[in-house]
1. Within region 62-88, track down each residue that is of a type in the set (Ser, Thr, Tyr) and over 37 Å from the mean Cα position of the chain (by Cα).
2. Mind checking whether some residue in region 141-150 is outside any loop (DSSP other than H, G, I, E, B) and in contact with a His (Cβ under 6 Å, 6 or more places away or on another chain)?
3. Are there any pairs with C-beta distances below 8 angstrom linking a residue in region 482-511 that is basic (Lys, Arg) to a residue that is open to solvent by 10 Å² or more (accessible area, probe 1.4 Å), with the two at least 6 apart or on different chains, and if so which?
4. Of the conditions (1) open to solvent by 10 Å² or more (accessible area, probe 1.4 Å); (2) more than 30 Å from residue 389 (Cβ to Cβ), residue 74 satisfies every one except a single condition; which number is it?
5. Give just the number: which of (1) open to solvent by less than 30 Å² (accessible area, probe 1.4 Å); (2) of a type outside the set (D, E, K, R); (3) over 26 Å from residue 442 (Cβ atoms) does residue 318 not satisfy?
6. Taking region 456-484, which residues are within 17 Å of the chain's Cα centre (by Cα) and over 23 Å from residue 215 (Cβ atoms)?
7. Kindly indicate whether residue 488 is buried (at least 24 other Cβ atoms within 10 Å of the Cβ) and farther than 15 Å from residue 508 by Cβ.
8. Assess whether residue 129 counts as being among the aromatic types (Phe, Trp, Tyr), in contact (Cβ under 8 Å) with a residue 60 or more places away in the chain and more than 21 Å from residue 194 (Cβ to Cβ).
Amino acid sequence: MPVFRIAEAALEIQQGHEVLRVEPWGADSARVRAARYRIPAESIGALDERPPSADDTVSVSAGDSSGVLVHGELTVSAVHHWDQVRLTFTRTSTGEELLAEQTRGWQGNRTGVYEAQQRFAAYPGERLYGLGQHAHGRLDHKGLRLDLVQRNGEVSIPFVLSSRGYGLLWNVPALGSVEFAENGTCWTADQTREIDYWITAAPTPKEILARYADATGHAPELPEWASGFWQCKLRYRTQDELLAVAREHRRRGLPMSVIVTDYFHWSAMGDYRFDEAEWPDPKAMVDELADLGVELMVSVWPTVSPLSENYAAFRDRGLLLGSDQGAEFHHLVQDKGMATQMPVAVYDPTNPDTRSFVWDLIRRNYLDLGIRVFWLDACEPELVPAHPANLTLYAGPGAQATNVFPRDNARLFAEGMAAAGQPGTVLLSRSAWAGAQKYGAAVWSGDIPATWDSLRRQVRAGLSIAVSGIPWWTTDIGGFQGGDPDDSGYRELMIRWFQYGAFCPLFRLHGDREPRMPWGHAQTGGPNEVWSYGEEAYEILSAHLHLRERLRPYLHEQMRTASEHGTPPMRPLFVDFPHDQAAWTVDDQFMFGPDILVAPVTIPGASERQVHLPEGVTWTDAWTGREHAGGATVTAHAPIERIPVFVAQGADVLGLFTPAEPAHR
């Protein structure tokens, strides 16, 4: 028989070699940990410290064959079933079952670690949201199987919000999978020392997201400059080329907040400094941009070339990712000084010595020039070949720890900025894990195709990552892979994507336009400025640049809410309208704060679309002023100049949608 006991405010169960611990972890929430023999003393997951709770009243009881922990709205019951203790989670006030364990499984490999599985019951009609960012085109993950691994465009954040009224974080950064089948949910860690998950029974989706932010960390408040327009193309190759674009924006009266120096601006990967042949006076460039009110963002890859002036120091100090088998090179690049592609190494941000060493280079070569915005590209990390289980990290074997790489890469820069006495910044990252938001990580959706199908998938992907605790998000407007600025069909796609982007948390134009070039340091990409797409597109794009400017004060109000309460500015309808059952099924619209409903146009040639208006509110068409009762689906006009936008009754934002200033040429 198992032994049930009370340990401080926690419930502990011992059955044979398995130890199970259930403890309060924030309001209405609990953390569950299970292991063989003993709970590990250290964890590299997202639950660093137990969050404070307004109501720390916890009731724990233990009997001969069962135990109960009650914490606010969450009741955890532990009962012995045949050969295992299983947990059931209910809402305290109603007794409603939220989730129940089925089985736990451990498969050893004679090394002291295990393949571990945690199975839960499935429920008819349950909908499951979050899980990071994926390109499968679904908002509801029920019925899907997902790999728990970081890839370009696939961001693994193992948090799920259920329509049944709970949130669950799988706090195991191991490679693995999750399957939301009709007959059960199964979380699998390929290699781990423990099962560790967190669950909350907060009453509403907003409160679930607030509890999750309390547990994993709150995002800082978005800096004022970051809410404006970010200009980027594949690569501005020289200082003169970049400054010419910034000056032209000013000449035309077009707003811009950030312009980007992308990859291969460096002398070699791992040098972390400008190539003086192409960027002869970066301090003067930064100063001129500052006079224009523009921040410079620089691209920082974690790759280190064997030709870098810093490679020997990285290698000899043990600051690079290791290999379980084979040489310690994990990517192929044709960097400067290479006649062909060559293997390069990758630094290990889970190592505090690496974080200190890299930051010192960043501080001396970028921050001291006035550069305070960083683009953390390829930070999954991108691997060639893709063999994350073969890595070794300071944090542990690759199979156990690789998924936290992007989180700790953001941590490197956040800690460095704080140590330098700098205000918080935005770290544009291609990947993330639970907790990355507290370091100022802003995720973008990776190297996506420039297609209508891709645009449709971005809407769902952005809402999924918003529900996963990342309030700062964007796409490459227009898609990354291709797009001909002279093609009328692509110009329509660019217009519709730009209109959608104006309502994303970050508003950023980027892409590798035609004519494209082979991957390598000679790349530049085709033109990708707002004036690159013809006169009709220019009028519409410039109008939306000015619309975004008018929206910025409203957006910052939402960003303050995101920082304080964990409510993302861009979110699915059900977050604000959980009692509207239809709101749980709508996956191609979103709320932009509590007052603005946005319905992107994602079909070529469309001039209208169906829009669901949630019940309980009267809605006003932002463009026409016509009022509509909530709880209905309406046909909204969508001429090429605009996408449908509706404003909730009583909101003081209708004036933001006045016609924009005429574009300058």
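1. 65, 66
2. Restricting attention to region 141-150, the residues satisfying the condition of being outside any loop (DSSP other than H, G, I, E, B) are 145-148.
Now drop any that are not in contact with a His (Cβ under 6 Å, 6 or more places away or on another chain), which leaves none.
No, region 141-150 has no match at all.
3. Final answer for the pair search is 491/534; 491/536; 496/602.
4. So the condition that residue 74 fails would be (1).
5. Just one mismatch for residue 318, condition (1).
6. The first filter runs over region 456-484 and keeps only residues within 17 Å of the chain's Cα centre (by Cα), leaving 457-477.
Correct list: 457, 458, 459, 460, 461, 474, 475, 476, 477.
7. On the way: buried (at least 24 other Cβ atoms within 10 Å of the Cβ): no; farther than 15 Å from residue 508 by Cβ: yes.
For residue 488, the condition - buried (at least 24 other Cβ atoms within 10 Å of the Cβ) and farther than 15 Å from residue 508 by Cβ - is not met.
8. Numbers: among the aromatic types (Phe, Trp, Tyr): yes; in contact (Cβ under 8 Å) with a residue 60 or more places away in the chain: yes; more than 21 Å from residue 194 (Cβ to Cβ): yes.
The answer is yes for residue 129.
The values are calculated or read from the model by the stated rules, or taken from the named source; none is laboratory data. Keep in mind that this is a model prediction, so the values were computed, not measured. In this analysis, Cβ positions are derived from the backbone assuming ideal geometry, glycine residues included, and neighbour counts consider all displayed protein chains. Accessible surface is based on the protein model in full, side chains and every heavy atom, while ligands, DNA and RNA are left aside. Shrake-Rupley method; radii C 1.70, N 1.55, O 1.52, S 1.80 Å.
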